[in-house]
Amino acid sequence: MDGSVTWRQQALGVIFVNLATLCWATNAVLGRWLREDIGPLTLTTMRFTVATAFFGILLRGRPVQERRYGKDKWWIAGMGLAGVIGFSPLLYLGLRYSTAVNSSLIQGFSPLITAMIAGLIIHEPVTRRQLAGAVLGLIGVAGLLSSGSLTFLLRLQFNPGDLILLASAVVWAFYAVFGRRVMRNRSPVAATALSNFVSLPLIAVAAVFELQHISLNLRPETIAAIAHICVVPTIIGYWSWNRGVTTLGAGGAMVFYNTLPLYGAILGAALLGEPLGIIHFIFGGLIIAGGLWATLGSAKDRS
C-alpha cells in the first residue's frame, strides 16, 4: 500500500469494504434461493445490465481521460472478465450444488489467495500483518460456521459444487488485483463502468443460450429478489468495494472479505429471528480483529 495513505483514509477504506461485504451477504442467500427460478448466466446478465446503465450515467460526468480505456485497456478487460463473466456465474452455479457452510468456508481462503496473486502480478507487497489477519479471519470463519466445534468441521462433506466455488474465489482474487491496478489511474466509478462495458455483451450472449436449457420463472417474489440483487450487492456493493481497494490495496481489502458469513449471521438474526449467541461474537470479533490488525495497524506503524 502507498505510504502516503493516512490513517483516516484507511479507516474510510475499511468502512467501504465492510459495506460491500454487508451487501454481498444478501447476495449469497438470495442467489441460492433463486437457483430453481433463474440460471446463473441469466441472473448475472440482469444484475450487470442494471449496474452498467447506472455506472454509465455516472461516467458521463467524469473527466474525458477517465472515460477512455487508454493504456489500461487490458487491465480493464481482465477486471471485467474476472468480476462479471467469471466470478458471478461461477458463484451462482456453485451455490446450485453446494451448501451455504461450504461456500463460506471456501470463500474464507480468498484473502490468502489474493495476497499471493497481488504479489505475483502487480508486485504489491504482502505484509506479515496482512497474512496474520487473513489467517485470523479464516479461523474466525471456521469457528463461526461450526459454532466452535472441531467435530463439525471434520465431518463436513464436499461435492463438485465446492470446486466451482473454489474457482470463483480464485477468480474474485484476480478481480481485486486487476481493480487495484486499474484504479491507480482512474476512479472506482470509471473502473467499474468500463470493465462492465467490456464484459456485459459477452455474458448476455451466453445467457441467451442458457435460456434454451434453464427456464426463467418470474414470480413476484423472484422479481423482487432480482431487483434487490441488481441494486444492493451489485451497484452499492461493487462501488463500495472498488472504493475501498483504492486505499487498502487488493490484499488489505480482501482481509475483510471474511466478514461475509458474519454479516450473514447478523442479518439472519435481525430478519429471520435466528439465534445469535456468544460464539458468534467471539469468532465474529476474531474476523474483525484480523482485518483491523492487517490494515489500520500497518498504517500506524508507518506514521
Assuming LEU30 fulfils every condition listed in (1) surrounded by 17 or more Cβ atoms within 10 Å (Cβ to Cβ); (2) modelled with pLDDT of 85 or more apart from one, which condition is it?
(2)
Out of ARG62, ARG68, report the one residue that is among the basic types (Lys, Arg) and free of Cβ contacts under 8 Å to residues at least 60 places away in the same chain.
ARG68
Taking MET46, is it touching a Phe, Trp or Tyr at 6+ places or on another chain (Cβ under 8 Å) and among the aliphatic types (A, V, I, L, M)?
no
Top-ranked residue in region 251-303 [being at pLDDT below 70, under 30 Å from LEU120 (Cβ atoms) and not hydrophobic (A, V, I, L, M, F, W, C); ranked as farthest from the chain's Cα centre (by Cα)]
SER303
The residue that is modelled with the lowest pLDDT, considering only those in region 131-183 that are of a type in the set (Lys, Arg) and either closer than 23 Å to GLY249 by Cβ or crowded, with 22+ Cβ neighbours inside 10 Å (or both), is ARG180
When SER240 is run through (1) touching a Leu at 6+ places or on another chain (Cβ under 6 Å); (2) modelled with pLDDT under 85; (3) under 23 Å from ASN185 (Cα atoms), the failure sits at (2)
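The values are calculated or read from the model by the stated rules, or taken from the named source; none is laboratory data. Bear in mind the structure is a predicted one, so any value in this text is a computation, not a measurement. Every residue, glycine among them, receives a Cβ derived from its backbone with ideal geometry; neighbour counts consider all protein chains shown.
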